[in-house]
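Colleague: Have a look at the structure that comes next, please.
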Amino acid sequence: MATLTFVNSKRTVTDPAEVAKVLKAANVIYEKWGTERLPENLSSRNLSDAEKQALLKAFDAEIQGLYKTRGYKTADVVTLYPDTPNIDVMLAKFDKNHNHSDDEVRFIVQGRGVFTLFPKDGEPIDAELHPGDFITVPANYKHYFKLCADKQITAIRIFTDPAGWVANYID
């Protein structure tokens, strides 16, 4: 379950319905997809290409629904763990203020990460996502992302542009 922390006031929100309400007011989509159908062997480590395909297959209904309703065209799986080669270089791309010309769509399968969101009206929000959390940060929305201290995450990424993740750094 996601935890929201307002950066300035330090107010926290953990109730799933309230998390969705706060993020909706900030123009961010949040849903709880769950991970119950995830095969046990696909939940706690770097995955092979075949295992990544199995993960995409496990959530194919949701992914296909997004393709139809929101116009997305492609999906992949990213796995980052402490032993991922050049992980600190990779993470340095995410932890600076940026936006994208495409929505940033993520479904967290394993691990945790924090999107720091900058709503146009209101204070910044740290959205700590956990397994089963689904988020859509809209195109051109200022944010950044960081992993939690254990540096572990597996996420399904969904894109409109087959080129995938392209950041426009700001500030």
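The values are calculated or read from the model by the stated rules, or taken from the named source; none is laboratory data. Quantities reported herein were computed from a predicted structural model and do not represent experimental measurements. Virtual Cβ from ideal backbone geometry, glycine too; neighbours counted across all protein chains shown. Areas reflect the complete protein model, heavy atoms only, side chains present, ligands, DNA and RNA absent. Shrake-Rupley method; radii C 1.70, N 1.55, O 1.52, S 1.80 Å.
Colleague: Suppose R0 equals 41 Å. What FRET efficiency, 1/(1 + (r/R0)^6) with r the Cβ-Cβ distance, do Tyr169 and Glu40 give to the nearest 0.05?
Modeller: In this case the efficiency is close to 0.60.
Colleague: Straight-line reach from Lys32: which aspartates and glutamates have Cα under 17 Å away, leaving out those fewer than 8 places along the same chain?
Modeller: Candidates past the 8-residue exclusion: Asp15, Glu18, Asp60, Glu62, Glu104, Glu128, Asp133.
Colleague: Thr74 versus Ala139, label points 7 Å from Cα toward the beta carbon: distance in nm?
Modeller: 1.6
Colleague: Using only Cα atoms and rounding to the nearest 10 degrees, what angle (0 to 90) does helix 49-58 make with the longest principal axis of the chain?
Modeller: 70
Colleague: How long is the gain from Ser101 to Ala61 if the chain were fully straight, where each residue apart is worth 0.36 nm and the alpha carbon distance is subtracted?
Modeller: Length gained, Ser101 through Ala61: 11.9 nm.
Colleague: Would you kindly calculate the mean projected area, averaged across all directions, of the convex hull enclosing the Cα atoms of the chain, in square nanometres?
Modeller: Answer in nm², one decimal: 9.8.
Colleague: Separate question: Exceeding 19 Å between C-alpha atoms, which entries from my cross-link table qualify? They are Lys52/Lys146; Lys93/Lys146; Lys96/Lys146; Lys93/Lys142.
Modeller: Lys52/Lys146
Colleague: Separate question: In Å, what is the Rg of the alpha-carbon atoms in segment 1-59, and how long is Dmax?
Modeller: 15.7, 44
Colleague: Shifting gears a bit: Where does helix 16-25 land angle-wise versus the long Cα axis of the chain, in degrees 0 to 90, nearest 10?
Modeller: Value to nearest ten degrees: 60.
Colleague: With springs only between Cα atoms under 10 Å, which of Lys146, Lys24, Lys96 fluctuates most in a Gaussian network model of the chain?
Modeller: Lys24
Colleague: With every protein chain kept in the model, how would you rank Asp88, Asp49 by accessible area, 1.4 Å probe, largest at the top?
Modeller: Descending order: Asp49, Asp88.
Colleague: For Lys10 and Lys120, FRET efficiency with R0 = 22 Å and r from the beta-carbon atoms, rounded to 0.05?
Modeller: 0.55
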